[in-house]
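Beneath this line is the structure, given in structure tokens, with notes to follow.
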Amino acid sequence: MTSDPVETQLTVHDPDGPVVAPGHSYESITEKIGAIVITLRTPRHWWIGAGIAFLVVNMLMTAIAWLFWRGVGIWGVNVPIAWGFAIVNFVWWIGIGHAGTLISAILLLLKQDWRTSINRFAEAMTLFAVACAGMFPVLHLGRPQVFFWLFPYPNTMGLWPQPRSPLLWDVFAVSTYGTVSLIFWYIGLIPDVASLRDRAPQMWKKRVFGILALGWRGSARHWFRYEIAYLLLAGLATPLVVSVHTVVSFDFAVSMVPGWHTTIFPPYFVAGAIYSGFAMTLTLAIPLRKFYHLEDFITMRHLQNMGKVMLATGMIVAYGYSMEAFFAYYSSDKFELFMFKNRTTGPYGPFYGLLILFNILIPQLLWSKRVRSSIPALFIMSLVVNTGMWLERFVIVITSLHRDFMPSAWGMYYPTKWDIMTYIGTLGFFSFAFYLFVRLLPAISMFEMRDLIDKKAGKQVVH
Amino acid sequence: MAVYGLMAEFEEPGALLHAAERAYASGYRKLDAYSPMPIHGLAEAIGFTRTAVSPIVLVGGILGCISGFTLCWWMAAVAYPHVVAGRPFNSWPMWIPITFELTVLFASLTSLLAMLGLNRLPQPYHPVFNVPAFARASTDRFFLCIEAVDPVFDAEGTWKFLETLNPTSVAEVEP
């Protein structure tokens, strides 16, 4: 079915290799992706990986249970550093989520066909990252049992949230982002679970997927409306994803704290979010393609492109760092100048050094095509950038707070074991959720892959 | 009525598109085409060119926009007014982020509901699934179904017409 025209077209247009290996048909794509969910036995590496992740989830539960029992005093937070690990992790996780929406929405609007095989699991990554992110502000509340006070609702106290505060904007931005990501992900899944319904060998699986598929039958009228709705959602998600990290950066930028009060924050937070998000997508894509033998669909082209996006967004982040330094110098404000000196050479100075090394210096290796075509190098690079971006959030939150205006109000922040357990615990939660997703739902969008090989083969006129 | 319709099976999207165009040209109007992925021009080929999804989403977005702004104004200026940094109660530039988020939220929810609602989904039962070969409609086969309610439909004539389209097979669809 996909004979010569595919190969010639791919080699002509794609100097870095094909977005889908040649020789695939509708059937082989559906079989290869669907079999992971409906027919193959759960592989041993899944049990080992998911088992370890599940243990880590239990550690998270322990840390949260103890937190609920004793209160935030078990954490390292204090005055003046009231934000600590919780907000560092919140900002880090929400940033990671951004790549999923970028891949599924923005690259769709830009007609980048290499997004097709990575958008589904990148969207799942977004959902789980937003879930991890959403935990932290609630755990940090002090009285998490009344978290619903964050939302506006008529209550007997006669109180309403303060809409002038970026913290309330955050509530709306993050909950909207979570909901819209879920809708986008589910709409994309409907035709695929319909495929699984029709292919599943056991009746109970047919029933479960049948319920999820809502009776989808691939009617031309349905596809017509479906494509319009999908495109509209992409158009809505595109400004949304930019707004979310902008609003998160307002949490800092709207305050008067030296090191936070800068106008560069929104664009540089968004770039950093996409940077860390692509790093996490690579961290997940490389083992996924290896363990499930998906090299035909997640090709070197995808890995290289993600490397390039990382390089580009990393440069924007580097620009953000240099502008922060320049603003401090150009403002001649003594608090700003001291903040920058303290950030680079103060007690947390080594973290700043590591951050520059991880986020700016090492990723410059991505200019080399040899590095971009080496899977181990890309995998290590993705871990380096993930760590670097976490350090960035740490440096922004902690070093700005710990020495602000009056030396008498200065302090130091040291995370406790509960802080670390909660952080590692969310990594476990994220991995466990991802393991479940890969096992229970198609990790690559099957209908979009069918459409892609069709377009590549020139069977359809591409409008 | 004895049957829901007659269904022809094709192996290629191009063949289905061609068949759909021929069927429409032959006067059939109550027909539908089924494919495992969207095929450009297929809906138009069976005479389906307009849908209300976009205007409904626009209305959803406008409602979200109004709700967001009204909510902020009402909370800060009516229900719980207090002075923050000497700003007016209705300090509207601060309402923009929430207004924007609710616009996107309402519009997104509307696009999901509009798509499902206009498509009459969820639908627990549909006759096309009675054709055994239709199981492959979500993998690698393409189907054209002419429904018995079509005024031009005639069990024998329509069967013969479908045969002329070079299908892999033709089948009756139980109601």
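Observations
- Axial C-alpha extent at least 27 Å, average Kyte-Doolittle at least -1.0 - helices from chain B (DSSP): B:53-73, B:96-118
- Residue of B:M115, B:M37, B:M75 that the Gaussian network model of chain B assigns the largest fluctuation, springs spanning Cα pairs under 10 Å: B:M75
- What the phi angles of the stretch B:30-45 give under the Karplus curve with 6.51, -1.76 and 1.60, with θ = phi - 60°, is a coupling list of 8, 9, 9, 10, 10, 8, x, 8, x, 10, 5, x, 6, 4, 5, 5 Hz, glycine and proline written as x.
- Contact order normalised by residue count of the stretch B:53-118, Cα under 8 Å, 6+ apart, percent: 56
- Taking a point 7 Å out from the Cα of A:N78 in the direction of its Cβ, the residues of the stretch A:318-357 whose backbone N falls within less than 20 Å of it are A:342-343, A:346-351.
- A:M203/B:T168 FRET efficiency (R0 30 Å; Cβ-Cβ; nearest 0.05): 0.65
- Relative contact order of chain B, taken over Cα pairs closer than 8 Å and 6 or more residues apart, is 49 percent.
- According to the Kirkwood relation over distinct C-alpha pairs, the hydrodynamic radius of the stretch A:45-185 is 17.4 Å.
- Residue mean of other protein chain beta carbons inside 10 Å, A:168-177: 5
- Whole-Hz Karplus values for the stretch A:61-69 come out as 4, 4, 4, 6, 4, 5, 5, 5, 6 Hz, taken residue by residue from phi with 6.51 cos²θ - 1.76 cosθ + 1.60 and θ = phi - 60°; glycine and proline positions read x.
- Mean Cα-pair separation over length for chain A, i.e. relative contact order, pairs under 8 Å, 6 or more apart, %: 32
- For the stretch B:1-25, the residues whose amide N sits under 12 Å from a probe point set 7 Å from the Cα of B:D150 along the beta carbon direction are B:5-8, B:19-25.
- Top positive-direction residue, dipole computed over the protein assembly as shown with Cβ charges, set A:W47, A:V57, B:V170: A:V57
- Pairs from A:K290/A:K456; A:K32/B:K30; A:K32/A:K308; A:K308/A:K341; A:K308/A:K417 whose Cα-Cα separation, in the structure shown, is over 31 Å: A:K32/B:K30; A:K308/A:K341; A:K308/A:K417
- Of the chymotrypsin sites (Phe, Trp or Tyr not before Pro) in the stretch B:75-170, those whose Cβ has at most 11 other Cβ within 10 Å and which sit in DSSP loop: B:Y125
- Backbone phi angles across the stretch A:387-392, fed through the Karplus curve with coefficients 6.51, -1.76 and 1.60 (θ = phi - 60°), yield HN-Hα couplings of 5, x, 5, 5, 4, 4 Hz in residue order; Gly and Pro are listed as x.
- Cut-off 12 Å between beta-carbons: net charge of the residues surrounding A:E324, Lys and Arg +1, Asp and Glu -1: -1
- The mean count of C-beta atoms from other chains within 10 Å of the C-beta of residues in B:87-98, rounded to a whole number, is 3.
- Within 10 Å of each Cβ in A:45-52, the average number of Cβ atoms from other chains: 0
- Relative to the longest principal axis of the Cα atoms of chain A, the long axis of helix A:334-345 lies at roughly 60 degrees.
- Beyond 18 Å, the tail of the calculated P(r) for the stretch B:53-118 holds 44 percent of the Cα pairs.
- When the convex hull of its Cα atoms is projected in every direction, mean area for chain A (nm²): 24.7
- Relative to the longest principal axis of the Cα atoms of chain A, the long axis of helix A:84-101 lies at roughly 30 degrees.
Each reported figure results from applying straightforward, stated rules to the coordinates on display, with no laboratory input. For clarity, every value in this text was computed on a predicted model and none was experimentally measured. Backbone-built Cβ (ideal geometry, glycine too); neighbour counts: all protein chains shown.
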